[in-house]
Amino acid sequence: MNTSFLRISIWVYLAIFFAYLLGPLVIMSVTAFNSSGFPRMSPWECLTFQWFGELFQDQRILNGIKNSLIIGAGTVALSVAMGLAGALMLTQIWPKLRATYYTIIIAPILIPGVVLGISTLVFWDRINRMLGLGADSFLSNGIFLTVIGQSTFIASYCMLVLVARLQRYDMALTEAALDLGATHAQAFRKIMLPFMRPAIASAAVLAFLASFENYNTTTFTFGEYPTLTIELAQKVRYGITPAISALAFIIVALTVFFALLNEAKLKRQELVAAARKEATVEELAGKIKLPSFFAGNMAAVLLVVFAVATITVVGTATAYNPAQCIADVREQKQLEAEQRIQELRKQREERRKQQEAQEAEQGEAQSAPKPSNNSGFGNVFAPNSLGGDGDDGASDTESEPSNNSGFGGVFDPNSLQSDQ
Amino acid sequence: MSAGVGVDLENLWIRFGDFVAVRDANVNINGGEFFSFLGPSGCGKTTILRAVSGFLDPSEGNVLIGGKNMKGIGPNKRPTALIFQNLALFPLMKIWENITFSMEIKGASAAQRRKRADELLDMIALPGQGDKLPSELSGGQRQRVAIARALCAEPDVLLLDEPLSALDLKLRQHMRTELREIQQRVGITFIYITHDQGEALTMSDSIAVMRAGVIDQIADGKTIYNDPNTAFAASFVGENNVFRGKVKKVMDNEVLISTNRSGDLVARVSTANQGKMSEGDAAMMFIRPEAFTIAPTGAAGDHFVTARVNHEEFEGNAFNIFTEGEGGKEIKVSIPNHGQSFEDHTGQNITLEYETRNAVAVPAGELAAE
Ligand SMILES: Nc1ncnc2c1ncn2[C@@H]1O[C@H](COP(=O)(O)OP(=O)(O)O)[C@@H](O)[C@H]1O
Ligand SMILES: [Mg+2]
């Protein structure tokens with residue numbers, strides 16, 4: 001009894017936790033497929049892929065992605081190089097200085113990104129002026145400044161990742177290479193670098209993601225090269241469309257894809273290693289029997305499911321035409337609107353009769369339309385039934401139908417037009 | 001056997017800060033010789049080897065390889081190859097890539113490397129294992145791969161840092177013979193480091209016995225065993241019974257020592273100390289367990305020791321008798337087993353006899369820790 005209660009509460013906790021964690025992402029992803037002009041999940045109108053099309057026609061978004069990719073690549077190169085140098089230095093430095101050195105090199109992580117952004121801007125502007133260069137010089141270029149600014153702290157992240165691996169490196173391996181005739185450069189390239197490769201890959205991915213999502217530092221340095229995050233932030237100021245949901249969905253899908261791919265690869269290596277260990281000498285000398293890619297590899301299975309799903313979705317998207325559905329919805333809305341107008345007219349008729357009957361009490365008349373406020377389309381008309389009280393309500397109701405709760409200020413004008 | 005390339009250490013000092021790891025080492029290693037440095041852990045053996053291979057600069061003195069001073073020459077330019085204490089095989093490379101790494105550096109083609117790797121794999125009795133990773137081999141196999149990798153570089157001098165210490169006893173004994181065979185086949189100079197006197201004795205042409213950065217004695221194994229220079233060498237190499245005392249009388253190459261607990265005993269002065277011991281000096285004499293025989297009871301003199309048998313141990317080829325001499329002195333005796341002729345002495349008093357030439361006297365000094 002006690003344990004089952006415990007188990008149930010753990011499951012409930014997990015459910016809440018994951019709903020909290022993933023819920024917003026799921027909802028946002030779903031809104032990317034709803035034809036409603038404003039990103040929302042309910043009411044569901046029509047399945048559509050139009051927002052993806054719209055996304056890829058938005059020049060500012062595309063340009064932002066391009067800038068983000070360029071800056072990401074630059075940041076990866078610079079941060080991984082600096083991180084590796086810092087990590088190597090840490091292993092070489094006099095042991096007594098090590099703790100101090102570590103603190104100094106980790107410090108940028110603790111400094112707010114805003115400060116880093118401003119200081120990067122100020123510092124390079126100074127240098128630019130000292131060198132007597134103009135405002136259009138290389139040193140004041142947005143891409144250069146953003147790469148430099150982001151790398152100040154992303155390099156520290158990279159170093160942390162690289163140090164962890166480097167600590168497992170046996171310096172005797174480098175010595176062995178030297179002893180066998182290699183130069184220091186050869187020993188580094190042929191022995192240490194291959195050993196560090198997995199950590200370098202992790203550091204590069206980390207650096208890229210950190211660069212891609214960075215806003216605080218970039219907002220001071222981007223100059224004429226706004227990144228995707230900057231563009232998104234500016235866009236949201238003028239209202240948000242499901243095209244942004246579509247972008248979010250693509251990013252989520254890519255993340256899941258690469259996570260699964262990585263997992264499947266790791267699992268596969270594990271299985272191969274296990275198989276090699278178990279194999280006898282003769283087997284190895286002859287032909288190694290690799291386990292099939294999927295045997296005991298959950299991630300690989302999921303990956304295939306994922307791929308199939310993607311193909312299905314893309315296939316549907318090219319064949320599917322939501323025009324009919326959208327037209328139906330429009331018609332439906334029109335019908336409903338007309339119905340409402342009729343109702344309103346009737347109500348007004350009644351009210352006029354009531355008013356005539358009891359002239360003193362206006363409060364009662366106001367409370368009457370309120371209950372219809374909360375559900376589905378009903379709310380659309382609610383505010384107007386009050387505002388339009390007394391004069392030509394019909395035209396008023398038609399001009400503000402998509403005003404819904406929560407996002408009232410940022411509604412998209414598209415849905416207005418579709419209603420008429 | 002080819003003449004080979006010799007190695008000389010001249011007045012070699014190595015310091016780490018104030019700590020002296022190697023103190024004035026002078027060693028001449030002949031070309032083609034199997035030379036061992038034997039000493040307890042921490043006595044500076046690895047340090048010497050690192051100075052020879054070029055990873056460490058001597059604080060003073062010189063390292064000469066083939067008569068050429070190695071000062072300022074890096075490890076990758078010296079004609080040496082080092083087998084590391086932990087082997088240091090490259091974990092991400094296949095066995096054949098490991099073995100032929102030195103060829104890759106020189107720009108050899110993959111086909112050439114494969115061919116050479118196959119030859120060396122045959123030599124170390126691991127044919128067809130070239131495509132494995134080091135982690136897929138056993139300790140003994142990895143050991144042999146490390147040897148092959150070093151030999152592939154065609155060094156004039158092979159340096160081995162306790163290469164067998166990680167192996168189990170059986171394998172260690174097998175590898176001893178194998179190493180010796182390899183050395184004789186390739187004919188190059190081997191400098192071998194070990195704290196295991198059995199290894200040093202079975203394999204080496206010459207042995208240097210080291211104690212805390214100092215080389216006590218350089219000689220062949222037999223001499224080290226039978227004619228140690230110092231109390232440390234006598235106690236570190238092989239088992240020995242030590243008797244402390246003072247020199248009572250000097251007679252040519254022999255001394256009579258008045259021991260603390262076993263009366264006056266006679267011993268031969270070790271060769272290096274002849275003429276250097278005089279009356280009244282603190283001295284130590286060493287008698288190996290197998291140098292004793294059991295004498296008829298009642299026999300007495302300057303080469304007899306009486307003792308009471310505590311317990312006996314049968315080891316197959318020998319009986320080990322643990323006795324307690326006068327004043328609680330422990331004496332170990334080892335009597336070869338010839339069949340049925342041995343009688344149990346437990347609890348009895350026995351008289352032990354030794355030949356004077358089998359007892360060695362040296363000036364009193366530091367003993368090896370047990
Ligand atoms: N790099 C170093 N810095 C300081 N002390 C060292 C260093 N290398 C070795 N030592 C010291 O020198 C002594 C000899 O070490 P080593 O040559 O490794 O001994 P071993 O005979 O066991 O191989 C040890 O006391 C060790 O602590
Ligand atoms: Mg050592």
Seminar exercise, completed: Residues from the range B:40-77 losing no less than 40 square angstrom of accessible surface in the full protein assembly compared with the chain alone, 1.4 angstrom probe, ligands and nucleic acids excluded, are B:F55, B:N76
Problem set entry | the range A:1-138: relative contact order in percent, alpha carbon pairs under 8 Å with at least 6 residues between | 8
For this session: Note down the magnitude of the dipole of chain B about its Cα centre, charges +1 on Lys and Arg C-beta and -1 on Asp and Glu C-beta and zero elsewhere, to the nearest 20 debye.
Result: 1260
Exercise. In whole Å, what is the distance between the alpha-carbon centres of the range A:105-145 and the range B:203-245?
Worked result: 69
Exercise. Where a Cα-Cα gap under 23 Å defines reach, which lysines qualify for A:K190, not counting those fewer than 8 residues away within the same chain?
Worked result: B:K77, B:K94, B:K106, B:K115, B:K132
Problem set entry | Per-residue ³J(HN,Hα) for the range B:87-93, Karplus 6.51 cos²θ - 1.76 cosθ + 1.60, θ = phi - 60°, Hz, x for Gly and Pro | 6, 6, 6, 6, x, 8, 9
For this session: Under 20 Å Cα to Cα from B:K249, which lysines show up? Leave out anything in the same chain fewer than 8 places away.
Result: B:K276
For this session: First compute the accessible area of the range A:57-239 with a 1.4 Å probe, then give the percent of it belonging to carbon and sulfur atoms.
Result: 68
For this session: Report, to the nearest whole %, how much of the accessible area of the range A:12-54 belongs to carbon and sulfur atoms, 1.4 Å probe, protein only.
Result: 80
Seminar exercise, completed: Result for the protein assembly as shown, cysteines with no Cys Cβ partner under 4.7 Å, is A:C158, B:C43, B:C152
Exercise. Relative contact order, percent, of chain B when contacts are C-alpha pairs under 8 Å separated by at least 6 residues?
Worked result: 15
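What is the percent carbon and sulfur in the accessible area of chain B, measuring with a 1.4 Å probe over the protein chains and ignoring ligands?
That fraction is 47 percent.
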Exercise. HN-Hα J couplings of the range B:49-59 from phi, Karplus 6.51/-1.76/1.60, θ = phi - 60°, integer Hz, Gly and Pro as x?
Worked result: 5, 5, 5, 5, 7, x, 7, 9, 8, x, 6
For this session: Give the accessible area for B:K68 in Å² (nearest 10); use a 1.4 Å probe, count only protein heavy atoms, and leave out ligands, DNA and RNA.
Result: 120
Problem set entry | Distance (nanometres) between label positions extended 7 Å along Cα→Cβ at A:L62 and B:S59 | 7.2
Problem set entry | Accessible area expressed per residue, the protein assembly as shown, with surrounding protein chains retained (probe 1.4 Å, Å²) | 53
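Over 15 Å apart: what share of the alpha carbon pairs of the range B:1-100 falls there, rounded to a whole percent?
67
Let me have the 222 nm mean residue ellipticity of chain B computed from DSSP H runs of 4+ only, each contributing -39500 (n - 2.57), with the sum over all residues rounded to the nearest 500.
Values: 9 runs with 84 residues, N = 370.
That calculation yields -6500 deg cm²/dmol at 222 nm.
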For this session: Give the interface area between chains B and A as buried accessible surface, both sides summed, probe 1.4 Å, in Å² to the nearest 100.
Result: 2100
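The values are calculated or read from the model by the stated rules, or taken from the named source; none is laboratory data. Fair warning: this is a prediction, and the values are worked out from it, not measured in the lab. All Cβ positions, even for glycine, are placed from backbone atoms using ideal geometry, and neighbour counts span all protein chains on display. Accessible surface is based on the protein model in full, side chains and every heavy atom, while ligands, DNA and RNA are left aside. Shrake-Rupley method; radii C 1.70, N 1.55, O 1.52, S 1.80 Å.
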